[in-house]
Each structure stands twice: as C-alpha cells, then as structure tokens.
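The values are calculated or read from the model by the stated rules, or taken from the named source; none is laboratory data. Predicted, not measured: the structure shown is a model, and the values here were computed from it. Neighbour counts are summed over all protein chains in view; Cβ atoms, including those assigned to glycine, are modelled from backbone coordinates with ideal geometry.
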C-alpha cells in the first residue's frame, strides 16, 4: 500500500521517482499470495487495509488488482539471475527484448548492466497500478499497460522474449489464432510468433504447458520451434516472494523458420503416464525419479485439483 500511495503522489506531482523512491516501489510484489484473503470482503483479517486501499485507488484500479491476484506471482530475483546467466553462457549479446507479463519489471532489474545498455526493452503489464510502478522503475523501457492479446507488436521482430507468464484456468481468444488457448499457452504461442528466426523465448510457465495430454501447445509449435531445455522447479520457488506453493517449469525455446523443420525433441513426443500413478500425465522430458532436470521429487497431492 505504501508503494501505491507513492505512485499516486508521483502522478499528482507529475514527476519521475527518485532513486530512493524507486527502492520503495521495487518492494511491490503484487497480490498473488493474498488472493484468497485480502480481496474477500467478508474476511475480517485485512478489513482495515482493504478499506485503505479502496480509498486510495479508483474502482477500475481496485478491480484490476483483484483480477491480477489470480495470476500474479512475482519471480524471485535470484532465479531470474540464473536465467540471465544461462542466456549469457548460450551467447546472448543483447538486442530487442520483450517481457509480456512484466509485473514491476524484475527481469529487467536483474539483467546484467552491459546487456541492458546494448538492448531495447519492451514490456507489457495488464494491471494499471503495477504498470505505473514499472514505468517509474524502468523509465527508458517502452511499456504498454494493457492485455498482451491487445498489443500490436510485429511478428518476427524481437530477439528475445523473457517472462514469468500468468497461469490459471483462463482461456484467451485472439482472432489471430483458430482456437482459444489457456492463458499460459497463449503467452508461449504469441511470444514465439514475435521473435525472429533464431530468436529465443525463455519463460517460466505452469507445468500444464509441457504436461497436458490434450490441446497440447507443443504440437502447435513443433514445426517452428526447438526446445533448448528446461528445469522443473520445486513448489517452494515462489513461496518467499509471492507467498504461494506452485510447481512451475523454466523453459527455453528457439524459433526456426526453415521450411520443413520438424522438432524431434523428446519434449515434443507427447505426454506419458506417470509410472507411480496412471491418472497423472507428464512430459517425458521431465519423467524419471532421478531426472536431473527436476529439482525435487514428485508427489501427488490433491489429485482432484490435478496437481503433481
């Protein structure tokens, strides 16, 4: 709330944040970890803070924050630095970079300085308050505060798309595609369209992107995409900063427009049954009790909710 109050002050005074004010704004981590408590008008736990927030923002801004709480899980900067380290090792030298679900811009903040100086930064953020904070933290970036499905970037125009994409049981309809996609899969599909031939898409997504048996996004992208590798993260990866336990995948893709290219990667071969519970399906790339790409051990929980 202190960060939001500061944003309102900056808007009223029509000025950019000072370095010390940016430090406060950078502590804003969204509402993903409080979705079931803070925005429940019948829950007395945060009644005082809830009323304070309602008096501070517009009805639309409050509605945006409430909606974003369903999908907004900010990424630990330590994890982001590991992603940048891998991209550097793989030879990334900078370029035109997009974060289509940027939050306040943690991926830009953790970016090595020399890469930032050699790159053009573009961001998209749906939530109005979060987008305003991002603009103050990254004044040199081009930031669109709107839904990713409404942004009109040119296809084949970015060198890298990097993001922790939203994931939820929500479908996105876009006239560009012949069917609606689950929100996390939509971000994968559109991101791959936006990078040029040889460009990379590096994302953190729901395990559903890799594991789902039907409506598999991997079958839709396999003719133009190479899977460079991935890591399945433990469900504690977002606990410290976002206050939630969720299993996610760190995924690295590269686009290929060679005529006739067909990915033969294990990841594209189709989901298989988990050998310890045949009700569960998972991508063969992440199969195996001691798979080095799985950070942790598999445990079936709340199967009715579909979790592994």
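Being within 25 Å of residue 157 (Cβ to Cβ) and not in a helix (DSSP H, G or I) is the requirement here; does residue 92 meet it?
Yes, satisfied.
Might you check whether a residue that is in contact with a strand residue (DSSP E or B) (Cβ under 8 Å, 6 or more places away or on another chain), more than 30 Å from residue 95 (Cβ to Cβ), part of a loop (DSSP other than H, G, I, E, B) and at pLDDT below 75 occurs anywhere in region 288-297?
Yes; the residues of region 288-297 include at least one that is in contact with a strand residue (DSSP E or B) (Cβ under 8 Å, 6 or more places away or on another chain), more than 30 Å from residue 95 (Cβ to Cβ), part of a loop (DSSP other than H, G, I, E, B) and at pLDDT below 75.
Only one residue in 110, 132 is assigned by TED's automatic domain parsing to the domain that holds residue 192, over 27 Å from residue 230 (Cβ atoms), out of contact with any strand residue (DSSP E or B) (no Cβ under 9 Å at 6 or more places or on another chain) and at pLDDT 90 or above, so which one is that? Before you say what the answer is, go through the steps one by one.
Values: 110 fails: over 27 Å from residue 230 (Cβ atoms).
That would be 132, the only listed residue that is assigned by TED's automatic domain parsing to the domain that holds residue 192, over 27 Å from residue 230 (Cβ atoms), out of contact with any strand residue (DSSP E or B) (no Cβ under 9 Å at 6 or more places or on another chain) and at pLDDT 90 or above.
Identify, by number, the condition in (1) surrounded by fewer than 23 Cβ atoms within 10 Å (Cβ to Cβ); (2) in contact with a strand residue (DSSP E or B) (Cβ under 6 Å, 6 or more places away or on another chain) that residue 152 doesn't meet.
If we test residue 152 against (1) surrounded by fewer than 23 Cβ atoms within 10 Å (Cβ to Cβ); (2) in contact with a strand residue (DSSP E or B) (Cβ under 6 Å, 6 or more places away or on another chain), just (2) comes out false.
Residue by residue through region 220-235, note down the ones that are closer than 14 Å to residue 189 by Cβ and at pLDDT 85 or above. I'd like the intermediate steps shown before the answer.
Of all residues in region 220-235, those closer than 14 Å to residue 189 by Cβ come to 220-225.
Correct list: 220, 221, 224, 225.
Out of region 141-188, which residues are over 25 Å from residue 86 (Cβ atoms), at pLDDT below 95 and assigned to a strand (DSSP E or B)?
Within region 141-188, 171, 172, 181, 182 qualify.
Just a yes or no: is a residue in region 150-164 in contact (Cβ under 8 Å) with a residue 24 or more places away in the chain, under 16 Å from residue 74 (Cβ atoms) and out of contact with any helix residue (DSSP H, G or I) (no Cβ under 6 Å at 6 or more places or on another chain)?
Yes, there is a match, as at least one residue in region 150-164 is in contact (Cβ under 8 Å) with a residue 24 or more places away in the chain, under 16 Å from residue 74 (Cβ atoms) and out of contact with any helix residue (DSSP H, G or I) (no Cβ under 6 Å at 6 or more places or on another chain).
Please specify each residue of region 115-129 satisfying the condition of being at pLDDT 95 or above, over 17 Å from the mean Cα position of the chain (by Cα) and farther than 16 Å from residue 94 by Cα.
None; the set is empty.
Find the residue count for region 189-201, including only residues that are assigned to a strand (DSSP E or B) and surrounded by 20 or more Cβ atoms within 10 Å (Cβ to Cβ).
Let us first name the residues in region 189-201 that are assigned to a strand (DSSP E or B), namely 195-201.
Adding the requirement that they be surrounded by 20 or more Cβ atoms within 10 Å (Cβ to Cβ) leaves 195, 199-201.
Count: 4.
So which residues in region 210-227 are farther than 16 Å from residue 274 by Cα and assigned to a helix (DSSP H, G or I), if there are any at all? Please lay out each step first, then the result.
Taking region 210-227 and keeping what is farther than 16 Å from residue 274 by Cα, we get 215-227.
Matches in region 210-227: 217, 218, 219, 220, 221.
Checking residue 11 against (1) in a helix (DSSP H, G or I); (2) surrounded by fewer than 16 Cβ atoms within 10 Å (Cβ to Cβ); (3) out of contact with any helix residue (DSSP H, G or I) (no Cβ under 9 Å at 6 or more places or on another chain), which single condition isn't satisfied?
Failing condition for residue 11: (3).
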